[in-house]
Each structure stands twice: as C-alpha cells, then as structure tokens.
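Taking it in order: structure first as structure tokens, then the write-up.
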Amino acid sequence: MTSHKKGERIPEPMRGDGTGWFDLGPRNIERDRQNPNMLVPPVTDAGLLPNLKFSFSDATMTLNHGGWSREVTVRELPVATTLAGVNMALTPGGVRELHWHPNNDKWQYYISGQARMTVFAGNGTARTFDYRAGDVGYVPFATGHYFQNTGNETVWFLEMFKSDRFVDVSLNQWMALTPHELVASNLNVGPELLDALRKQKWPVVKYPGYGYDPDRG
C-alpha cells in the first residue's frame with residue numbers, strides 16, 4: 001500500500017458519467033497512477049488485450065559479489081513471444097563471466113559506467129570493445145563473450161534478445177560438470193584450476209584483486 005500527501009489527488013476507478021466507484025483499498029496508488037488506462041479503461045476497451053508490460057521491479061533479483069541481474073521473459077510477460085530482457089549491474093571489479101547464448105543474438109545498451117567486452121568467434125578470432133553510457137553493443141548468435149567493469153562507478157545496462165526467453169551457458173559451470181579427466185586432457189590444466197570450478201551458475205563474479213566491501217559492493 002502506498003501513502004499519499006494531504007490534498008494530493010488520488011486516482012479512482014470512476015468516469016465522469018457516473019460509472020465506477022471509489023477503491024477503498026488496500027491498493028497501490030503509485031501503480032494506479034502508472035496505469036491510468038487500466039484503472040479507468042477507455043469506453044471502447046473490451047478488456048481482451050493481454051498485459052503488455054511487466055516492470056523489472058517485479059522481477060526476482062540474482063545477487064552475487066560483483067553485482068546483480070534480473071530478467072523478464074515470456075514467463076513473466078506471456079505476450080512477449082519474441083522478446084526477452086535482462087537488467088544487470090556490475091560494481092567496480094565486477095565481471096560477467098565467460099558465457100554464450102545458444103538461442104539468439106544479443107544487444108546491450110549501456111546506461112551508466114564504462115565496460116570492456118571481448119567476443120570470441122571461431123578459428124581463434126576475437127575482438128575487444130570498450131563501452132560507455134549511451135553505447136550499444138552486439139554479440140552474434142552462439143558467440144562466447146565476457147565483459148567487465150573497467151571504471152570506478154557502477155556499470156548498469158540492459159540486454160535484449162530476439163527470443164521469448166533468456167538462455168546462457170557458463171563456461172565455468174560447463175567445465176565443472178564435465179569429467180575432470182576430460183577437461184584436463186583437452187585443455188592441459190591442472191588440479192588447481194579444476195578444483196576451483198563450481199557447479200553453480202554465477203552470472204556475475206568479482207575480478208581478482210577487488211575485495212568484497214559490504215558498504216560498497
């Protein structure tokens with residue numbers, strides 16, 4: 001329930017022709033202000049359109065040392081059959097670990113901060129890009145990539161997929177779930193790396209050399 005200031009007009013589900021009545025609550029007044037056409041639908045509205053929006057504020061957060069992420073897909077917004085979005089933040093030293101998306105291309109819009117992304121393609125080719133607020137990045141379908149906060153302020157960005165859901169494959173998790181003997185023989189790595197692999201997927205990690213400060217993240 002949202003409080004309101006004295007004398008402030010409160011929207012009500014009523015029309016000037018006398019239809020409707022007061023909403024005695026409990027209610028979320030700020031949400032009603034954001035959705036005036038749902039509180040008082042136009043007279044031509046038959047109420048058959050599906051919900052066309054879902055707030056990131058209503059999505060479940062994934063919290064890690066190094067930042068957070070949250071997503072809106074067809075699960076939260078059934079009408080979004082060709083679009084999925086992820087909102088993510090990286091603290092200074094935060095890294096979106098190496099991963100790829102097996103279902104679609106990705107576009108990233110950077111809202112604040114500065115970041116660096118490296119994209120890996122076939123035949124040993126790779127490119128590195130630097131981004132600042134207002135830039136848009138693009139990652140081709142099924143291309144491995146990672147990015148990190150390279151500045152002293154939070155990197156905040158939005159990822160968009162031409163798909164109804166968000167799907168990613170973590171290199172760390174994939175190797176952790178593969179028999180260690182197979183990983184060691186193919187990558188020529190020792191037990192120190194193999195023992196550090198984790199079976200849990202962490203979208204965001206902290207870059208080595210940055211300590212965890214509960215007051216700063």
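When K162 is tested against (1) in contact with a Gly (Cβ under 7 Å, 6 or more places away or on another chain); (2) open to solvent by 40 Å² or more (accessible area, probe 1.4 Å); (3) charged (D, E, K, R), just one condition goes unmet, and that condition is (1). Scanning segment 129-142 for residues that are under 10 Å from W100 (Cβ atoms) and either buried (at least 17 other Cβ atoms within 10 Å of the Cβ) or modelled with pLDDT of 95 or more (or both) gives a single hit, V139. For segment 108-125, the set of residues classified as open to solvent by 10 Å² or more (accessible area, probe 1.4 Å), under 22 Å from E153 (Cα atoms) and among the aromatic types (F, W, Y) consists of Y109 only.
Restricting segment 184-206 to residues that are farther than 25 Å from H65 by Cα and either over 32 Å from the mean Cα position of the chain (by Cα) or among the aromatic types (F, W, Y) (or both), the residue that is surrounded by the fewest Cβ atoms within 10 Å (Cβ to Cβ) is N188.
Of the residues P42, P26, the single one that is without any contact (Cβ under 8 Å) to a residue 24 or more places away in the chain, in a loop (DSSP other than H, G, I, E, B) and either open to solvent by 80 Å² or more (accessible area, probe 1.4 Å) or over 30 Å from F157 (Cβ atoms) (or both) is P42.
Among the residues making up segment 144-165, those that are more than 19 Å from H65 (Cα to Cα) and either part of a helix (DSSP H, G or I) or in contact with a His (Cβ under 8 Å, 6 or more places away or on another chain) (or both) are G144, H145, F161.
Scanning segment 111-159 for residues that are touching a residue at least 24 places away in the same chain (Cβ under 8 Å), more than 17 Å from M88 (Cβ to Cβ) and not β-branched (V, I, T) gives F120, P140, F141, A142, G144, N152.
Within segment 45-60, the set of residues being of a type in the set (S, T, Y) and part of a loop (DSSP other than H, G, I, E, B) comprises S55, T60. Of all residues in segment 61-105, those that are within 14 Å of the chain's Cα centre (by Cα), assigned to a loop (DSSP other than H, G, I, E, B) and free of Cβ contacts under 8 Å to residues at least 40 places away in the same chain total 2.
The values are calculated or read from the model by the stated rules, or taken from the named source; none is laboratory data. If you're wondering where the values come from, they're calculated on a predicted model, not measured in any experiment. Backbone-built Cβ (ideal geometry, glycine too); neighbour counts: all protein chains shown. For accessibility, only protein heavy atoms count, side chains too; no ligands or nucleic acids. Shrake-Rupley method; radii C 1.70, N 1.55, O 1.52, S 1.80 Å.
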